[in-house]
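K.L.:
My questions will all concern the structure given below.
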Amino acid sequence: MKIGFIGLGNMGAPMARNLIKAGHELIGFDVAPTNVEDITQKSISEMAEKCSIIFSMLPDGNILRTVYQELLPLCNPQIILVDCSTVDVESALYVSKEAKKMSISVMDAPVSGGVVGAENGTLTFMVGGTKYAYDQIEPYFSIMGQKSVLCGESGAGQSAKICNNMILGISMIGVCEAFNLAQKLNLDWERLFDVVSTSSGSCWSVNTYCPAPGVGPDSPADRDYKPGFAADLMLKDLKLSQDAATTVSAPTELGKHATEIYENFISEGGEGMDFSAILPYLAKK
Ligand code: NAD
């Protein structure tokens, strides 16, 4: 049996290529003409007929719902569907509920690691679904990624993703505020990095992805803030976290404020820049 892959964009295409490189036969589908001449493209119905596993990597929850509306009635109950897109928790739960009515297994498995991780096969998968389905798919996760975690039942993967990225958005803004403050206090960035990266302020945004150019390991700050992880995608994930927080009445004041800061940053010229470019944005204020 073959593997299907729906959504061959910036992330989906390299993920699909890694499955092909590992020796799997793949059928792809995308509504747009894509730059993936090495992947055979067929219709969704042919994919459902010929594949035992179908991955998807789509822009958002509405598109996921539309694609699954067409896909689900065409699938047999042995198939396992794995959606790797970042979508709202409600859409993940909706498609899994619709699938369950037809005895079809669906997992939400959003990823961290970006385009570079997709190309290098070093993504992290955060998975929601049954242990049985996870055990079937784990070998494919380990081709496309370096780690996968079964976080719980359907929706748990998306929940883990938005919680992680809400922490990241807030911490990046905090780090940028501190580096901007340091500059105004005439404190050398390199010295600040030396202290913070080994002190209680250390975090991924400082140690691995420092927003100050020329400081710490190589990061988008050293390449004029070309992404990396685009501010637009960070805003998407922050909005998803705020939608989820509203649904379950969880207080996320800093998450809300971080969302507003990224909204303002993007409308004031940050579109297409890395999410760590909040540092020069603050410096200009
Ligand atoms: P992309 O826009 O490059 O790719 C999405 C693809 O889906 C496109 O090729 C598009 O034509 C296709 N598509 C849209 N509607 C479709 C439909 N109805 N049927 C079939 N194909 C359809 O986006 P991307 O950067 O690959 O991101 C995909 C997902 O991965 C998003 O949910 C994003 O949030 C998530 N993600 C992206 C990154 C990143 O760094 N790019 C990192 C982590 C997670």
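The values are calculated or read from the model by the stated rules, or taken from the named source; none is laboratory data. Worth saying up front: this structure is predicted, and the values here are computed from it rather than measured. Glycine also receives a Cβ, built like all others from the backbone with ideal geometry; neighbour counts cover every protein chain displayed. Please note that ligands, DNA and RNA were not included when accessible areas were found on the heavy atoms of the full protein model with its side chains. Shrake-Rupley method; radii C 1.70, N 1.55, O 1.52, S 1.80 Å.
K.L.:
Taking segment 81-98 as the region of interest, how many residues are assigned to a loop (DSSP other than H, G, I, E, B) and buried (at least 23 other Cβ atoms within 10 Å of the Cβ)? Let's see the steps before the verdict.
P.N.:
Looking only at segment 81-98, we keep the residues that are assigned to a loop (DSSP other than H, G, I, E, B), and these are 84-88.
From what's left, buried (at least 23 other Cβ atoms within 10 Å of the Cβ): 84-87.
Total satisfying the criteria: 4.
K.L.:
Which of the residues that make up segment 236-261 are open to solvent by less than 20 Å² (accessible area, probe 1.4 Å) and either hydrophobic (A, V, I, L, M, F, W, C) or within 14 Å of the ligand (Cβ to nearest atom) (or both)?
P.N.:
The first filter runs over segment 236-261 and keeps only residues open to solvent by less than 20 Å² (accessible area, probe 1.4 Å), leaving 237-238, 241, 245, 255, 258-259.
Matches in segment 236-261: D237, L238, S241, A245, A258.
K.L.:
Would you check which residues across segment 1-42 are part of a helix (DSSP H, G or I) and either out of contact with any strand residue (DSSP E or B) (no Cβ under 6 Å at 6 or more places or on another chain) or near the ligand (Cβ under 8 Å from one of its atoms) (or both) and list them? Talk me through it step by step, then tell me what you get.
P.N.:
Residues of segment 1-42 part of a helix (DSSP H, G or I): 12-21.
Once the filter is applied, which keeps residues that are part of a helix (DSSP H, G or I) and either out of contact with any strand residue (DSSP E or B) (no Cβ under 6 Å at 6 or more places or on another chain) or near the ligand (Cβ under 8 Å from one of its atoms) (or both), segment 1-42 yields G12, A13, P14, M15, R17, N18, K21.
K.L.:
To continue, here is another question. Does G216 satisfy the condition of being free of Cβ contacts under 8 Å to residues at least 24 places away in the same chain, outside the structural domain of V127 (by TED's automatic domain parsing) and under 25 Å from K284 (Cα atoms)? Talk me through it step by step, then tell me what you get.
P.N.:
Details: free of Cβ contacts under 8 Å to residues at least 24 places away in the same chain: yes; outside the structural domain of V127 (by TED's automatic domain parsing): yes; under 25 Å from K284 (Cα atoms): yes.
So G216 fits the description; yes.
K.L.:
If you don't mind, there's one more thing I want to ask. Just the residues that are closer than 17 Å to G7 by Cβ and touching a Ser or Thr at 6+ places or on another chain (Cβ under 7 Å), please, taken from segment 94-122. Explain how you work it out, then say what you get.
P.N.:
The first filter runs over segment 94-122 and keeps only residues closer than 17 Å to G7 by Cβ, leaving 95, 106-111, 113-115, 117-119.
If the condition is that a residue be closer than 17 Å to G7 by Cβ and touching a Ser or Thr at 6+ places or on another chain (Cβ under 7 Å), then V106, D108, P110, V111, G113 are the ones that fit.
K.L.:
Going by what's in this entry, would P211 be described as in a loop (DSSP other than H, G, I, E, B) and closer than 20 Å to N165 by Cα? Outline the logic, then answer.
P.N.:
On the way: in a loop (DSSP other than H, G, I, E, B): yes; closer than 20 Å to N165 by Cα: yes.
Answer is yes for this residue.
K.L.:
Determine the pairs where a residue that is touching a residue at least 60 places away in the same chain (Cβ under 8 Å), located within segment 113-138, has a partner that is part of a loop (DSSP other than H, G, I, E, B) and small (G, A, S) with Cβ atoms under 6 Å apart, the partner being 6 or more residues away or on another chain.
P.N.:
Hits for this filter: L123/G113.
K.L.:
Let me ask something else about it. Which of the residues that make up segment 220-235 are part of a loop (DSSP other than H, G, I, E, B), open to solvent by less than 60 Å² (accessible area, probe 1.4 Å) and either modelled with pLDDT of 95 or more or aromatic (F, W, Y) (or both)?
P.N.:
Once the filter is applied, which keeps residues that are part of a loop (DSSP other than H, G, I, E, B), open to solvent by less than 60 Å² (accessible area, probe 1.4 Å) and either modelled with pLDDT of 95 or more or aromatic (F, W, Y) (or both), segment 220-235 yields Y225, F229.
K.L.:
M57 - would you say it is at pLDDT 95 or above, touching a strand residue (DSSP E or B) at 6+ places or on another chain (Cβ under 8 Å), within 11 Å of the ligand (Cβ to nearest atom) and open to solvent by 10 Å² or more (accessible area, probe 1.4 Å)?
P.N.:
Numbers: at pLDDT 95 or above: yes; touching a strand residue (DSSP E or B) at 6+ places or on another chain (Cβ under 8 Å): yes; within 11 Å of the ligand (Cβ to nearest atom): yes; open to solvent by 10 Å² or more (accessible area, probe 1.4 Å): yes.
Criteria met by M57.
K.L.:
Quick check, is P280 in contact with a strand residue (DSSP E or B) (Cβ under 6 Å, 6 or more places away or on another chain) and over 19 Å from G61 (Cβ atoms)? Please lay out each step first, then the result.
P.N.:
On the way: in contact with a strand residue (DSSP E or B) (Cβ under 6 Å, 6 or more places away or on another chain): no; over 19 Å from G61 (Cβ atoms): yes.
Judged against the criteria, P280 is not a match.
K.L.:
From Q69, Q78, which residue is of a type in the set (S, T, N, Q), open to solvent by 40 Å² or more (accessible area, probe 1.4 Å) and either more than 13 Å from the ligand (Cβ to nearest atom) or touching an Asp or Glu at 6+ places or on another chain (Cβ under 6 Å) (or both)?
P.N.:
Q78
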